[in-house]
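Comments concern the structure below.
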Amino acid sequence: RFKLFASSKYNQTKYEEDKQSLIAYYNTLGFRDAVVEADTIYPVSNGNVNVDIKVREGRKYYFGDITWKGNTKYTSETLSKVLGIKKGDIYNLQQLETRMGRQLNPEGGEDVSSLYMDDGYLFFNIEPVETSINGDTINFEMRIAEGAQATIRDITIAGNDRTNEHVIRRELRTLPGNKFSRTDLIRSNREIANIQF
């Protein structure tokens, strides 16, 4: 029978992970200085334990000015539009990492890294730097190293012993002579997986 609040055994490792998840959640709400000040675990009747956690939230922060440095391929306005974070938005490091392309975006959509990597910039890198904190507002400078565009030279298929190579090759979206594209590479991988190889 399904129980929403089923009991489980206390696990110290999972408990420490849960405390980190709790702080990460506070960080998504703008409380970047949130910390667990104290926690107490004590036994109660029937062999159960209670957990008391004292959290200090700290101040709530907001995004301030976001400037771009090192971009030559795309304008700062284009990159700001793709980033999708505006001055006055609640500070959320996870959202910033996702919109830069450092974390997988569960909702899909474009991110700054994909914009560059889908146009051949395999060695692209972006580094957010907090330039100043004015009260509850954090200003950022997004430092970009575009690198050179990369072209696909060869595609090698190794370990295939179930089908002819041309069956796999016809599913590829990445072809020799094309500019590198992260989206095409991911799509090729998905297409090959769909034919069960």
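The values are calculated or read from the model by the stated rules, or taken from the named source; none is laboratory data. Predicted model only: the values in this text are computed from it and were never measured. All Cβ positions, glycine included, derive from the backbone under ideal geometry; neighbour counts span all protein chains shown. These accessible areas exclude ligands, DNA and RNA; they are computed on the full protein's heavy atoms, side chains included. Shrake-Rupley method; radii C 1.70, N 1.55, O 1.52, S 1.80 Å.
Within the accessible area of the chain, the carbon and sulfur atoms contribute 48%, probe 1.4 Å, all protein chains present. Cut-off 10 angstrom, C-alpha nodes, Gaussian network model of the chain. Which of Ala145, Ala158, Ala24 fluctuates the most? Fluctuation is largest for Ala158.
The spacing between segment 152-197 and segment 72-91, judged by their C-alpha centroids, is 33 Å.
Pairs of lysines in segment 58-181 whose Cα atoms sit within less than 17 Å of one another amount to 5, provided the residues are eight or more positions apart or on different chains.
If one computes the Cα centroid of segment 109-123 and of segment 42-61, what distance in Å separates the two points? Using only Cα atoms to place each centre, the spacing works out to 43 Å.
Three principal axis extents describe the C-alpha atoms of segment 116-197; from largest down they are 63, 26, 17 Å.
In percent, rounded to a whole number, the relative contact order of the chain is 16, using alpha-carbon pairs under 8 Å and six or more apart. Return one number: the angle in degrees, 0 to 90 and rounded to the nearest 10, between the long axis of the Cα atoms of helix 12-28 and the longest principal axis of the Cα atoms of the chain. Roughly 70 degrees, rounded to the nearest 10. If you take all other residues with their beta carbon under 14 Å from the beta carbon of Ala193, and give Lys and Arg +1 and Asp and Glu -1, the sum is +2. Give the accessible surface of the chain per residue, rounded to a whole number of Å², with probe radius 1.4 Å and ligands, DNA and RNA excluded. Per-residue value: 67 Å².
Amide hydrogen proximity for Val55: with H placed 1.01 Å from N in the peptide plane, the residues at 5 or more positions away or on another chain lying under 5 Å are Glu37.
Per residue, the convex hull spanned by the alpha carbons of the chain comes to 197 Å³. Expressed as an acute angle from 0 to 90° and rounded to the nearest 10, what is the orientation of the C-alpha long axis of helix 182-194 relative to the principal long axis of the chain? Once rounded, the angle reads 90 degrees.
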